Amino acid sequence: MNSVKVLKSAQEHRVALARIAELMDADPAEGTPEADELELLALLVDRYEEDRFPVGAPDPVEAIRFRMDQMGLRNKDLVPYIGSASKVSEVLNGKRDLSLNMVRKLSHGLGIPADVLIRDTGRMETGRSALPGERFPLSDMRKRGYFAGFEGSLQELREYACETVSNFVDSVPGGRELEPALLRTTAHVRSNDKTTDPFALWAWQVRVLQKAYEQRLPARYQQGTVTPEWMRRLAQLSWSEKGPHLAVEYLTKSGIHFVVERHLPKTYLDGAACRTRDGAPVVALTLRYDRTDSFWFTLLHELSHVALHIDGAREWFVDDLEAEDTSPIERDADTMASEALIPSSVWETRIPSATHHVEQLARDLGISPSIIAGRARNETGDHRLFGTRFRDRLDREALGWEEQSLL
């Protein structure tokens, strides 16, 4: 018997294959040295080829068909795992990808390893796990256009919720960093005792970042831009009927993103402030109330977070301004916003009690009279004060607020 050793190179592999062919042609009798040599060479070649040319995992559809053959199943037997006869046909013909829900059912019901079934989803390559899509407010997100390119039904969205939501969250840098820990958001949230849905808030935050990253700002933000004087100049834009639009231009020219995104159910939001990965501040408003005074106070409150808390940090500040919050963070932001609109030294001596007082103070400060009237109503608790005067309505739609029906 020729010397036989472990194969370590392509040349040795070729020599072994040639020797195997030679021995097979000789058809040695069992028990002879040549037959033993043939058997040993076959084992060595198999080992070499397994190490050098591993067989890939089976295609998911091939794995399903193989198991169907083993178990004597027909297409209709897969309906409990895939959802309908048409979906079964589409999956088996390669026209529909498996959803994670299908993967779970097929793996549990037919005993096919899950890693085989999800081999083509890309999650194993990226190392990112699928998110619990069923926890998100899918219906509202779909109607608001959160899932770009998705045109399926709500039922199809629920079927592919894990994948669709994962792609949505991964569409912005840092989207997964917003994931709520132990069902509590990582943001600083100002709210009442209402139960905030952390997954709805997470979705809203990602949507805000999506809109911010779509914007191209004319200038780069310089840390320290937002000062009391800067905010005071901004507040005086309220004197114009086009004040809100001028304010947006004022922000963007200073390198600050301005986003309008209506709040999702169970989030109770007025506004938020954060930063993008490149350091640009983002101010997001929900325009929950279509009042001019509400717009200006919320805007300046979020800019106060930029000035006091966000420069140099990436924390989110999310606010329901109807909520009482005595924390130093919120108290300082409230104070800074109020001072920019109406300095306390002025307000303490000129609290208006009549319409002409409101008008005169507005002229002296160079701001909208609705801001002054709104503050007087809030502080006195008398929302009938000054009648219907100074109840300016905000054109929310013109600022990008979309009123979709939630079917």
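As for the stretch 141-154, it holds at least one residue that is surrounded by fewer than 18 Cβ atoms within 10 Å (Cβ to Cβ), among the hydrophobic types (A, V, I, L, M, F, W, C), at pLDDT below 90 and under 30 Å from residue 275 (Cβ atoms). Need pairs with beta-carbon distance below 7 Å; first residue assigned by TED's automatic domain parsing to the domain that holds residue 209 and within the stretch 232-258, second of a type in the set (Lys, Arg); sequence gap 6+ or separate chains. If the second residue must be of a type in the set (Lys, Arg), the pairs left are 255/220.
Picking from 273, 247, 235, 284, which residue would you name as being more than 29 Å from residue 203 (Cβ to Cβ), modelled with pLDDT of 95 or more and not hydroxyl-bearing (Ser, Thr, Tyr)?
Values: 273 fails: more than 29 Å from residue 203 (Cβ to Cβ); 247 fails: more than 29 Å from residue 203 (Cβ to Cβ); 284 fails: more than 29 Å from residue 203 (Cβ to Cβ).
None of the other options fit; the residue is 235.
Does the stretch 375-396 contain any residue that is in a loop (DSSP other than H, G, I, E, B), hydroxyl-bearing (Ser, Thr, Tyr) and surrounded by 13 or more Cβ atoms within 10 Å (Cβ to Cβ)? So far as the stretch 375-396 goes, no, none of its residues is in a loop (DSSP other than H, G, I, E, B), hydroxyl-bearing (Ser, Thr, Tyr) and surrounded by 13 or more Cβ atoms within 10 Å (Cβ to Cβ).
The values are calculated or read from the model by the stated rules, or taken from the named source; none is laboratory data. If you're wondering where the values come from, they're calculated on a predicted model, not measured in any experiment. Using ideal geometry, Cβ is built from the backbone for each residue, glycine included, and neighbour counts are taken over all protein chains shown.
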